[in-house]
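Let me begin by presenting the structure, written as structure tokens, before commenting on it.
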Amino acid sequence: MTVNTKNDRDFIKTADEAVDMYHSKREELIPILMRVNQQLGYIPKEAMEHISSRMHIPQSHLYSVASFYHMFSTQETGRHIIKFCESAPCHVAGGREVFEALKEALSLEPGDTTEDGKWTLMTTSCLGVCAVGPVMMVDEDIYGNISPNQIPDILAKYE
Ligand code: FES
């Protein structure tokens, strides 16, 4: 549960701006979705409905595109998004213990957002820096070789 500061009208306006920016071209669907995701932090269902209707693309197709790419979210997210690598190399490097510490520090399960809207916790597959596992991303920042006792300091950077 997060604090929602935008309403349906904002969602539709943002979707309109993105569709207009790319002249409703179907081949520009990814940049259109990216723009909405960047502006709102995720792609709300109201924006999906509007894009679907303006571009004559079935919503099912929009959702399948959005779920295919990691960079899109269709769920409202917190101001900071943590993506924790759950692939095997990070797992065997101690990722499980770090992830437990992270869940405990945030009182969150993967996919959830804190009540104050600050944090969303997600898991991800390999981030491509396995040599420094365990690895997690906070927004655009990558942290490697993390141990459970580093979690409070990492989170504190985003106060
Ligand atoms: S397995 Fe975690 S970054 Fe590759």
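Computed from the coordinates by the stated procedures, all read-outs in this text should not be read as laboratory data. Not measured: the values here are computed from a predicted model. We place every Cβ from the backbone using ideal geometry, glycine too, and count neighbours over all the protein chains shown.
Here are the numbers:
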{"quantity": "Failed item, numbered, when Ser52 is tested on (1) among the hydroxyl-bearing types (Ser, Thr, Tyr); (2) assigned to a helix (DSSP H, G or I); (3) under 18 Å from the mean Cα position of the chain (by Cα)", "calculated": "(3)"}
{"quantity": "Residue under evaluation Gly128, criteria (1) touching a helix residue (DSSP H, G or I) at 6+ places or on another chain (Cβ under 8 Å); (2) outside any helix (DSSP H, G or I); (3) closer than 24 Å to Asn37 by Cα, criterion not met", "calculated": "(1)"}
{"quantity": "Failed item in (1) within 11 Å of the ligand (Cβ to nearest atom); (2) within 25 Å of Tyr69 (Cα to Cα), with Thr114 passing the rest", "calculated": "(1)"}
{"quantity": "Residue in the range 81-89 that is within 16 Å of the ligand (Cβ to nearest atom), within 19 Å of the chain's Cα centre (by Cα) and surrounded by fewer than 19 Cβ atoms within 10 Å (Cβ to Cβ) present", "calculated": "yes"}
{"quantity": "Residue in the range 133-144 that is surrounded by the fewest Cβ atoms within 10 Å (Cβ to Cβ), counting only those that are within 11 Å of the ligand (Cβ to nearest atom) and in a loop (DSSP other than H, G, I, E, B)", "calculated": "Gly144"}
{"quantity": "Among residues of the range 96-117, those that are in contact with a Ser or Thr (Cβ under 9 Å, 6 or more places away or on another chain) and either part of a helix (DSSP H, G or I) or among the charged types (D, E, K, R) (or both), counted", "calculated": "8"}
{"quantity": "Given (1) in contact (Cβ under 8 Å) with a residue 24 or more places away in the chain; (2) within 27 Å of Lys45 (Cα to Cα); (3) out of contact with any strand residue (DSSP E or B) (no Cβ under 8 Å at 6 or more places or on another chain); (4) of a type outside the set (Lys, Arg), index of the condition Phe84 fails", "calculated": "(3)"}
{"quantity": "Residue within the range 38-53 that is among the aliphatic types (A, V, I, L, M), touching a residue at least 60 places away in the same chain (Cβ under 8 Å) and closer than 30 Å to Pro134 by Cβ present", "calculated": "no"}
{"quantity": "Neighbours by Cβ (under 9 Å, 6+ apart or cross-chain): first from the range 20-31, surrounded by fewer than 15 Cβ atoms within 10 Å (Cβ to Cβ); second in a loop (DSSP other than H, G, I, E, B) and aliphatic (A, V, I, L, M)", "calculated": "Arg26/Ile57"}
{"quantity": "Members of the range 68-94 that are in a helix (DSSP H, G or I) and under 21 Å from Ile146 (Cβ atoms)", "calculated": "Ala88, Pro89, Cys90, His91, Val92, Ala93, Gly94"}
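A quick yes/no check of all residues on (1) of a type in the set (S, T, N, Q); (2) within 18 Å of the chain's Cα centre (by Cα); (3) exposed (fewer than 15 other Cβ atoms within 10 Å of the Cβ):
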position	(1), (2), (3)
His56	no, no, yes
Leu62	no, yes, no
Phe68	no, yes, yes
Ser73	yes, yes, no
Lys103	no, yes, no
Leu106	no, yes, no
Thr113	yes, yes, no
Met122	no, yes, no
Ala131	no, no, yes
